[in-house]
Amino acid sequence: MDQSGSYPVKLYIYDLSRGMARQLSPLMLGKQLDGIWHTAIVVHGKEFFFVGEGINSCLPGGTPLGEPDSVVGMGCTEVPAEIFMEYLTALAESTYSGDKYNLFEHNCNSFSNEVAQFLTGKKIPSYITDLPSEVMSTPFGQALRPLLDSVVINPGGNNITGQR
């Protein structure tokens, strides 16, 4: 924390396909996708993300995904750690409980976008939040929808409410 009481907020961006989306998407979807994005918010010395078991946290870069593919500075927040944890606990018990996870409509990127706006008033890049509709707008995406709806992404970490 600096003297003004503001804390840096970063968006960690991971490509879950490890480059495969970039190579295979033109063939499979008929359009170019640069990645299959998983995001997390880093603030107060921890990385926070939403997965199939709820809101998790770990040390920055501490999931099995390793270091992020890119990091976007979202600005700073004046929300102290204690208030932020109360906010996350409320989200974990309502909007972002594990049973609310959906790969397309309510995922890690929805969480990162909402938390970024709470902390800084800024949205995460639209190329990340628009990805599900990009995929679903293709015939291949529509055909895969039943399978993809059952997919749950879980890169590890500790559940913030202590539940596993």
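Dividing the convex hull volume of the alpha-carbon atoms in the chain by its residue count gives 104 Å³ per residue. Mean sequence separation of contacting Cα pairs (under 8 Å, at least six apart), scaled by the length of the chain, corresponds to a relative contact order of 29 percent. Computing FRET efficiency as 1/(1 + (r/R0)^6) for K122 and Q142, where r is the C-beta to C-beta distance and R0 is 41 Å, gives about 0.80.
The label-point distance for L16 and I83, in a model that sets each label 7 Å from Cα toward Cβ, rounds to 3.3 nm. Entry comment: accessible area of the chain is 51 Å² per residue, from protein heavy atoms only and a probe of 1.4 Å. Computed over the chain, the per-residue total of -39500 (n - 2.57) for DSSP H runs of n ≥ 4 gives a 222 nm mean residue ellipticity of -10000 deg cm²/dmol, rounded to 500.
Largest accessible area first, the listed residues Y12, Y96 line up as Y12, Y96 when surface is computed with a 1.4 Å probe on the assembled protein chains. Using every pair of distinct Cα positions in segment 58-136, the Kirkwood expression returns a hydrodynamic radius of 14.2 angstrom. Rolling a 1.4 angstrom probe over the chain with all protein chains present gives an accessible area of which 55% lies on carbon and sulfur atoms.
Using the Karplus relation 6.51 cos²θ - 1.76 cosθ + 1.60 with θ = phi - 60°, the per-residue 3J(HN,Hα) values for segment 17-34 come to 7, 6, x, 5, 4, 4, 7, 9, 4, x, 6, 7, 10, x, 8, 7, 10, 7 Hz, with x marking Gly and Pro. A Förster radius of 45 Å, combined with the Cβ-Cβ distance separating S133 from N158, puts the computed FRET efficiency at roughly 0.90.
The values are calculated or read from the model by the stated rules, or taken from the named source; none is laboratory data. Quantities reported herein were computed from a predicted structural model and do not represent experimental measurements. Heads up, the Cβs are rebuilt from the backbone with ideal geometry, glycines too, and the neighbour counts pull from every protein chain shown. Accessible surface is based on the protein model in full, side chains and every heavy atom, while ligands, DNA and RNA are left aside. Shrake-Rupley method; radii C 1.70, N 1.55, O 1.52, S 1.80 Å.
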